[in-house]
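The values are calculated or read from the model by the stated rules, or taken from the named source; none is laboratory data. As the structure is a computational prediction, the values presented were derived from the model and not from experiment. Methodologically, a virtual Cβ is constructed for each residue, glycine included, from the backbone with ideal geometry; neighbour enumeration extends over all protein chains shown.
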Amino acid sequence: MSNRTINLTDQLYDYMISVSLREPPLLERLRKETSANEMARMQISPEQGQFMAILIKLIGARRTLEIGVYTGYSCLCTALAMPGDGRIVACDTDEGWTDMAKRYWKEAGVADKIDLVLGPASKTLEKLIENGQEDSFDFAFIDADKENYDLYYEYCLRLVRPGGLIALDNVLWGGSVIDPSINDADTEAIRALNRKIYRDTRVDISLVPISDGLTIVMKQGL
Ligand code: SAM
Ligand code: CA
């Protein structure tokens, strides 16, 4: 026993999954089909999807932002966790990957909840602000190009309502954040944003060591 977060061995991880993961068969199928793709490691883990679904239910989210769709796993977790009138604005640049996502969203009966916008996410978010949508989203998931995370964070802070949540994925970046010999642009961007969020008095924060590290930020001002 210890008062720090436990190290997960493979066996302990398997145990955790065996007593907690309740992945619906369709999500499992999407994950298996995605695993044939060479970029499959980009997909969130199923336990992370389940965790985010609980957050979405807890705050009663009805409007969410998804920045980085890929084959649609996290977006489908979000859509399934929201009530029938829930709506997601989903941003990505890749038509091929998101075509696969759309297939699964349709099969799950949630396609009407998801407004997929193809194009740079910064432009999509900027347009939402121009259209007067500030303070109107309950939840945002940031999981696209790491160099633009800070930009997405700032846009999301404007678009999410006070008391709303922003979840940022890959904040531990496979452990690279603590390796001083790794100084590529993605790693530097994540390090800088982690430091910035730590000091950011506009939000409450928690870095959850699930998957590759997930920072949960709550916008203050309720
Ligand atoms: N959340 C997804 C899931 O659960 O499977 C994984 C997202 S993947 C890590 C990152 C995605 O961001 C890719 O699908 C990529 O096409 C997209 N992307 C990269 N640059 C982008 C940009 N500038 N604007 C919007 N999407 C972008
Ligand atoms: Ca990710």
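Taking the options Ser211, Ser206, Ser181, name whichever one is in a loop (DSSP other than H, G, I, E, B), of a type in the set (S, T, N, Q) and within 26 Å of Lys57 (Cα to Cα).
Criteria check complete, one pass: Ser211.
Assuming Gly175 fulfils every condition listed in (1) small (Gly, Ala, Ser); (2) modelled with pLDDT of 95 or more; (3) farther than 30 Å from Leu21 by Cβ; (4) surrounded by fewer than 17 Cβ atoms within 10 Å (Cβ to Cβ) apart from one, which condition is it?
Failing condition for Gly175: (3).
Tell me which residues, restricted to the range 29-54, are under 20 Å from the mean Cα position of the chain (by Cα), surrounded by fewer than 12 Cβ atoms within 10 Å (Cβ to Cβ) and either of a type outside the set (A, V, I, L, M, F, W, C) or more than 19 Å from Asp169 (Cα to Cα) (or both).
The answer is Lys32, Ser35, Arg41.
Just one of Asp179, Asp145, Asp184, Asp150 is in contact with a Leu (Cβ under 8 Å, 6 or more places away or on another chain) and among the charged types (D, E, K, R); which is it?
When all the criteria are applied, what remains is Asp150.
On the given criteria, is Gly60 in a loop (DSSP other than H, G, I, E, B) and either within 12 Å of ligand 1 (Cβ to nearest atom) or more than 21 Å from Leu222 (Cα to Cα) (or both)?
The answer is no for Gly60.
Can you tell me which residue in the range 73-96 is surrounded by the fewest Cβ atoms within 10 Å (Cβ to Cβ), limited to those that are out of contact with any helix residue (DSSP H, G or I) (no Cβ under 9 Å at 6 or more places or on another chain) and in a helix (DSSP H, G or I)?
Gly96
Quick grid of which residues meet (1) at pLDDT 95 or above; (2) buried (at least 16 other Cβ atoms within 10 Å of the Cβ); (3) of a type in the set (Gly, Ala, Ser); (4) farther than 27 Å from Thr71 by Cβ:
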position	(1), (2), (3), (4)
Ala140	yes, yes, yes, no
Asp143	yes, yes, no, no
Leu159	yes, yes, no, no
Pro162	yes, no, no, yes
Val171	yes, yes, no, no
Glu188	yes, no, no, yes
Arg199	yes, no, no, yes
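For the range 99-117, name all the residues that are assigned to a helix (DSSP H, G or I) and touching a Ser or Thr at 6+ places or on another chain (Cβ under 8 Å).
Met100, Ala101, Tyr104
Every residue in the range 138-171 that is within 14 Å of Gln220 (Cα to Cα) and either in a strand (DSSP E or B) or among the basic types (Lys, Arg) (or both), please.
Answer for the range 138-171, where residues must be within 14 Å of Gln220 (Cα to Cα) and either in a strand (DSSP E or B) or among the basic types (Lys, Arg) (or both): Asp138, Phe139, Arg158, Val160, Arg161, Pro162, Gly163, Gly164, Leu165, Ile166.
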